[in-house]
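Notes follow the structure.
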């Protein structure tokens, strides 16, 4: 895996990728937009939504008029970056020591995203829940109501079953330069998404349809710890109680709620569970 390196060559490569992306139009990708799409990629201290932090964020915002502004920032996570994570994305503690914290950037990030729907690679399970958790951690109101989410990885997995690097090679016949930097990954994700729309004419041509196509489950919380079953009941989607309704578990084993509140689950998941627990309690 290539470390992130701000050399002239890497910067030129990034500019060339952006130049080629600018030539792609909404008409050529056969996509209907009624509001912006924000392609989001995060580099983080680890892979646990409830415990880890963002060290770099990159957002490519596809506007209904075809414009594609890009926002990229490094972030001081206020915790040490484990060596294994630094070896993946090439960002070490010294690299972000003087960078702003998420709390200092929250308004700027939220303003850039605006009312956009959200797109990414494995974003439904990781990037979006972690981003929302960061907003919650600093008491910043980032409204998810009405936002549609499209996961490019789920399109890929339903069609081909590969990784982002393989997807980029398969769909775009390119190698990712500077892989595991947020901007390089999100540019690759964007290009893969465009290539998927071109390769699969049967895919929905609107974001609502793409959201439904890429949703692996009907999630109750963003991280998918709780999902709806066929009867529209909330059921746990992990662990020893997987498949059991939340009402049943909380009624018969109330300590399970306490265990989850103390665990490394996202703040948003805990909010959802608290609301479900109150509902269960009020039924008695």
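The values are calculated or read from the model by the stated rules, or taken from the named source; none is laboratory data. As the structure is a computational prediction, the values presented were derived from the model and not from experiment. Quick reminder, even Gly has a Cβ in these numbers, built from the backbone with ideal geometry, and neighbours come from all protein chains shown.
What single numbered condition from (1) at pLDDT below 90; (2) crowded, with 19+ Cβ neighbours inside 10 Å; (3) closer than 18 Å to residue 130 by Cβ fails to hold for residue 270?
Among (1) at pLDDT below 90; (2) crowded, with 19+ Cβ neighbours inside 10 Å; (3) closer than 18 Å to residue 130 by Cβ, the lone unmet condition for residue 270 is (1).
Which of the numbered conditions does residue 210 fail, given that it passes all the others? Conditions: (1) surrounded by 19 or more Cβ atoms within 10 Å (Cβ to Cβ); (2) assigned by TED's automatic domain parsing to the domain that holds residue 68; (3) more than 24 Å from the chain's Cα centre (by Cα).
Of the numbered conditions (1) surrounded by 19 or more Cβ atoms within 10 Å (Cβ to Cβ); (2) assigned by TED's automatic domain parsing to the domain that holds residue 68; (3) more than 24 Å from the chain's Cα centre (by Cα), the odd one out for residue 210 is (3).
What number goes with the only condition from (1) under 14 Å from the mean Cα position of the chain (by Cα); (2) crowded, with 24+ Cβ neighbours inside 10 Å that residue 167 does not pass?
(1)
Which condition breaks for residue 103 when tested against (1) in contact with a strand residue (DSSP E or B) (Cβ under 7 Å, 6 or more places away or on another chain); (2) part of a helix (DSSP H, G or I); (3) farther than 23 Å from residue 260 by Cα?
The failed condition is (1).
Does the stretch 246-257 contain at least one residue that is modelled with pLDDT of 90 or more, in contact with a strand residue (DSSP E or B) (Cβ under 7 Å, 6 or more places away or on another chain) and surrounded by 14 or more Cβ atoms within 10 Å (Cβ to Cβ)?
The answer is yes; a qualifying residue exists.
Is there any pair with a first residue in the stretch 82-93 that is assigned by TED's automatic domain parsing to the domain that holds residue 43 and a second that is assigned to a helix (DSSP H, G or I) whose Cβ atoms are under 7 Å apart and which are 6 or more apart or on different chains, and what are they?
Within 7 Å, the pairs are 92/86.
Please return the ranges of helices (runs of 4 or more DSSP H) entirely within the stretch 119-219 where 2 or more residues are under 19 Å from residue 71 (Cα atoms).
Those helices (runs of 4 or more DSSP H) span 128-137, 182-199.
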